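Structure, as structure tokens:
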Amino acid sequence: MAVAVESSGTQTATIGTEHSLAAPTTAGVRQLVVDLVNLVNGETVELRVKRPALSGGTIGTWVTAVYTHAQPEPLVLSVPIPSAVGATFTLKQTTGTGRAFPFAIETL
């Protein structure tokens with residue numbers, strides 16, 4: 001199985017706004033990769049993966065990861081996300097100064 005980058009970029013956070021990083025709609029196994037190198041002490045970032053149970057269903061949060069303060073290991077990866085109906089990947093910075101966060105959605 002080949003690993004590939006499905007989408008990538010840099011998201012500059014607006015405090016309190018949940019930013020959609022990607023929302024693929026096809027079946028697959030994906031992983032969210034975010035570089036938190038710009039996060040400093042006193043700041044918090046929430047990363048979420050959302051998906052419906054069935055195609056066309058209500059989208060709910062499946063995984064939430066919260067990171068506070070400067071990270072000793074700033075590169076973070078989600079668990080592999082299997083989905084037959086796609087998923088939505090988001091980033092929300094809740095405190096501090098809006099930072100730029102490089103990210104990638106990888107297909108596994």
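Some values worked out for this structure:
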read-out	value
Size of the chain as Cα extents on the principal axes (Å, biggest first)	39, 31, 19
Per-pair calculated FRET efficiency, R0 = 41 Å: Val29 and Thr68 via Cβ, rounded to 0.05	0.90
Distance between the range 88-106 and the range 7-21 - C-alpha centres, whole angstrom	5 Å
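All of the numbers you see were taken from the coordinates with simple rules; none came from a lab. Given the structure is predicted, the values throughout are model-derived calculations rather than measurements. Positions of Cβ are backbone-derived with ideal geometry, glycine not excepted, and every protein chain shown enters the neighbour counts.
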